[in-house]
Structures are given as structure tokens and as C-alpha cells.
1. So which residues in segment 148-165 are assigned to a helix (DSSP H, G or I) and charged (D, E, K, R)?
2. Those residues that are closer than 27 Å to R192 by Cβ and of a type in the set (V, I, T), I need them from segment 12-62; list them, please.
3. Looking for whichever is among the hydrophobic types (A, V, I, L, M, F, W, C), more than 30 Å from P182 (Cα to Cα) and modelled with pLDDT of 95 or more here; the options are L71, L111. Which one fits?
4. Among the residues of segment 166-212 satisfying the criterion of being assigned to a helix (DSSP H, G or I) and aromatic (F, W, Y), which is nearest to F100 (Cα to Cα)?
5. Condition first: more than 16 Å from the chain's Cα centre (by Cα) and closer than 18 Å to L121 by Cα. Now tell me which residues in segment 65-88 satisfy that.
6. Using the structure shown, decide if F87 is at pLDDT 95 or above and more than 14 Å from I129 (Cβ to Cβ).
7. Here is a list of conditions, (1) closer than 30 Å to K11 by Cβ; (2) modelled with pLDDT under 95; (3) basic (K, R), and K79 meets all of them except one; can you say which number that is?
8. Please specify each residue of segment 89-126 satisfying the condition of being surrounded by fewer than 19 Cβ atoms within 10 Å (Cβ to Cβ), within 19 Å of L50 (Cα to Cα), over 13 Å from the mean Cα position of the chain (by Cα) and of a type in the set (A, V, I, L, M).
Amino acid sequence: LDNIKGKGVRKIKYKGKEIDFTPPFKRVTFLKALKDALEKEGIKVREDELLENENLLHEICEKLKDKYKNLAKHKSWNKAKLLKELFENLVEPTLINPTFVIDFPKELSPLAKVHRKDNRLVERFELFIGGKEIANAYSELNDPLDQKERFLEQLKAKQSGEDEVVEYDEDFIRALEYGMPPTAGEGIGIDRLVMLLTDNDSIREVILFPQLKPKKEEVEEKIEGKGDK
């Protein structure tokens, strides 16, 4: 950041908010962040309750659905979806300065290795800046039996109506059976990072080749009077 914005500059403005990149970046567990956010809403819970009590998650969504409109659909959600939606609605918008969220629930991470200290969690972190996810990383699950079980759980979730699932992949399981060494990986949203540094709301403003409409579609829109608006 020093090289991009000028020597000694560690702060930028994004959507009118100041973001401070001065290290060290904050670290917080997924459950602690959600627990703290719920306390600000007047809801006191323990971290283990968030992991183990699905009915409680439904009750929380019911209490908050008037303030956070997308939570109104909670009755059809499983535990993974409940945790994901509560986190995205209550926690993510508050993560303005760079923050590492660590130790995700197992249900949210079907490809990540189980946490060495708590088998209800996985070894995964995400970096948030400006209320957006910028990076996602985890220790890769390399146990074929565990991976097969996770895929089957994802399949059950899909059959119950969940749309954001990892598809069952028999070839991947077979590859794991041949053996994969301990591995970790990270994906960084470079376009999102550039949006932050340039104070842009639209990803189309920062990517090299934004998706263009087919010529035929453009012509049809102009004929119908919808183009160039």
C-alpha cells in the first residue's frame, strides 16, 4: 500500500469511510464476531449455542427479520445457511478496517480440513476490508472418507432446497484416495481490492474487460427504446 498510495500512507477513503491499513490487522473468530454482533442487537448467546442449537438460530432470525429483511426466509434454511446469513447481515458490514475472520464452522466449509483443536470447526480464514470479503483461505481437506461424507451432506442440503452447495465429485474423491500431501490455498479478490483502492462502487469500472452484451441484444434494446440509459 505504501508503494501504491505514496510513502507512509496507510489510510484510504472508501465510500466516505476511512480504512486504516496499519498492521497488525485484527483477528477474530467467526463465532466471537457473530456473538458480539448479536449482543449489540440485545441478544445474548454463547458461542457453543450458535454451533449446536439450530432452533435458536431460527428464533434469532425471527427476532431480527424486520430489521434485516432477508432473514425473513429463514424457515426453509439449514444450520449452515442460518449461520451464513446471520454473519453476512450482522457482521460483514461492520468489518471496515482489515480483519481476519478465523475458525469457521465446519458446515460452511465442505472442502476445508477439520480444526486440529475443535472438530466442529475448520482451519479457514477470510480477510475483510471495507465490509467486503477480499480473501478466502484454508487448509485443504485431504482425507477421502471425510471429503465423501462432506459431499453427501452437501447433497442432502441441495435436496432440501439449498442452492449454494458444493457438488458431489467422485473423480476428486478418487484422486484423494491416491494421496494428497498437506496443502493450503488462498484466493484473493484482486478486482475487489482495486475497487477499495480507487474508491469505486462498480467492479465494471476496475476490470480490464467487463462483460459486454452481444451485439444482437444491443440492437434489440435500441429498437425497443431501452438502450443508452
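The values are calculated or read from the model by the stated rules, or taken from the named source; none is laboratory data. Keep in mind it's a predicted model, so treat the numbers as computed, not measured. For neighbour counting, all protein chains shown are included, and Cβ atoms are generated from backbone atoms with ideal geometry for every residue, glycine included.
1. Listed by number, the residues that qualify are K148, E149, R150, E153, K156, K158.
2. I12, I19, T22, V28, T29 - these are the residues of segment 12-62 that are closer than 27 Å to R192 by Cβ and of a type in the set (V, I, T).
3. The match here is L71.
4. Selected residue: F172.
5. N78
6. Working: at pLDDT 95 or above: yes; more than 14 Å from I129 (Cβ to Cβ): yes.
So F87 passes the test.
7. Going through the list (1) closer than 30 Å to K11 by Cβ; (2) modelled with pLDDT under 95; (3) basic (K, R), K79 breaks only (1).
8. The answer is V114, and nothing else.
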